[in-house]
Amino acid sequence: MPGTVAGLALALEKYGSGRFTLAQILAPAIELARDGFAIADDTADTLSDMYRRMGRWPNSAKGFSRSDGAPLQEGDRLIQPDLAATLAEIAERGPRGFYEGPVAERLAKA
């Protein structure tokens, strides 16, 4: 949804404890996206259906694929460098990091 990033940043500002910055909140998600995590059995069960739907977006499907083109399976590692880069921009620049600049340009192009 287009307003999600701004809405979540506003919620943090308005309702957050004030003890954490947006960058601190995003740090674990950035790490998971950058370094990846092992696919659990329940996630692997749903990936094949999701994978077929993602076929309309080859770059997205590629991120959830093995090197042979099959969907990721239990135990495979899901690594999302584009997501990590986007979250890092938001952590550094706030919502503007999503709505303006390189991230916004890549989204518009896609």
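Things worth noting here:
- Matching entry among PRO28, PRO58 (being loosely packed, with under 12 Cβ neighbours inside 10 Å, within 28 Å of ALA11 (Cβ to Cβ) and out of contact with any helix residue (DSSP H, G or I) (no Cβ under 7 Å at 6 or more places or on another chain)): PRO28
- Here GLN73 passes the criteria (1) without any contact (Cβ under 8 Å) to a residue 24 or more places away in the chain; (2) over 23 Å from LEU107 (Cα atoms); (3) open to solvent by 50 Å² or more (accessible area, probe 1.4 Å) except the one numbered (1).
- Region 3-23: number of residues that are open to solvent by 80 Å² or more (accessible area, probe 1.4 Å) and either more than 18 Å from ALA88 (Cα to Cα) or over 16 Å from the mean Cα position of the chain (by Cα) (or both): 6
- Close contacts from region 34-46, counting a first residue that is of a type in the set (Gly, Ala, Ser) and a second that is open to solvent by less than 50 Å² (accessible area, probe 1.4 Å) and assigned to a strand (DSSP E or B), with Cβ to Cβ under 9 Å and a gap of 6+ residues or different chains, come to GLY36/LEU78; ALA38/LEU78; ALA44/PRO71.
- Of all the criteria given as (1) surrounded by fewer than 15 Cβ atoms within 10 Å (Cβ to Cβ); (2) free of Cβ contacts under 8 Å to residues at least 12 places away in the same chain; (3) of a type outside the set (S, T, N, Q); (4) within 22 Å of GLU92 (Cβ to Cβ), the one not satisfied by ARG66 is (4).
- All conditions but one from (1) of a type outside the set (Phe, Trp, Tyr); (2) open to solvent by less than 70 Å² (accessible area, probe 1.4 Å); (3) more than 23 Å from LEU8 (Cβ to Cβ) apply to ASP49; the one that does not is (2).
The values are calculated or read from the model by the stated rules, or taken from the named source; none is laboratory data. Computed from a predicted structure; not experimentally measured. Using ideal geometry, Cβ is built from the backbone for each residue, glycine included, and neighbour counts are taken over all protein chains shown. Each accessible area value is taken on the protein alone, full model and side chains, heavy atoms only, with ligands, DNA and RNA left out. Shrake-Rupley method; radii C 1.70, N 1.55, O 1.52, S 1.80 Å.
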